[in-house]
Amino acid sequence: MGLWVAVDDNIGLAELGGGAAAAVLAALLTEMALHQADSRLTVRIRWLAAAYRLPGQVLGDTVLVFRALARQLLRGQAPPSGFRELPVRAGGQSSEDVTRRVLLVGAHSLAPNTVVLGIDQDRGVMVVHRLVTNEGRTP
């Protein structure tokens, strides 16, 4: 709902009602998906502590991707892209482990430069694709 108000930039009754309806629908669909997957999410506050870095990562990656796009359009230089394996603590099938993996995938895929392809639980790695690599950004 907060995201809706921030994006819409209007607090009129119709907009607030639309935002509330969208929030209820999203919560309902999430609950239905979790029920079908027979999973429950267990969130630990310490996992969310690193979320303060996400807006900076999104902004930095957006600039990085647009810079690469400009180089591609103006000079014909394709950005160096590639796959990478990042070490993660994948865990097992408990609700806490499932939640950790969901948050890992969501947080790493939020910024536009990186997409998580999957987590190999046996090896303890997360496979990601980066549109632009070697631009001074660390994992």
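The values are calculated or read from the model by the stated rules, or taken from the named source; none is laboratory data. As the structure is a computational prediction, the values presented were derived from the model and not from experiment. Quick reminder, even Gly has a Cβ in these numbers, built from the backbone with ideal geometry, and neighbours come from all protein chains shown. Note: areas computed on protein heavy atoms with side chains; ligands, DNA, RNA excluded. Shrake-Rupley method; radii C 1.70, N 1.55, O 1.52, S 1.80 Å.
Here's the picture: a label point sits 7 Å out from the Cα of His129 along the beta-carbon direction, and within the stretch 59-88 the residues with their amide nitrogen under 17 Å of it are 65, 69, 78-86. Taking amide H positions as modeled 1.01 Å from N, with prolines and chain starts lacking one, the residues under 5 Å from Ser81 and 5 or more places away or on another chain are Thr133. For the stretch 65-76, putting each phi into the Karplus relation 6.51 cos²θ - 1.76 cosθ + 1.60 with θ = phi - 60° gives couplings of 5, 5, 5, 5, 4, 4, 4, 5, 6, 7, 10, x Hz, in residue order, rounded to whole numbers and with x for Gly and Pro.
Estimated at 0.36 nm per residue, the fully extended path between Val102 and Arg89 surpasses their Cα-Cα distance by 3.5 nm.
In the context of the full set of protein chains, the stretch 48-135 has a per residue accessible area of 61 Å² (1.4 Å probe). Listed values for the stretch 82-94 are Karplus-derived 3J(HN,Hα) couplings in whole Hz (6.51 cos²θ - 1.76 cosθ + 1.60, θ = phi - 60°), namely x, 9, 8, 10, 10, x, 9, 9, 6, x, x, 10, 5, and x replaces Gly and Pro.
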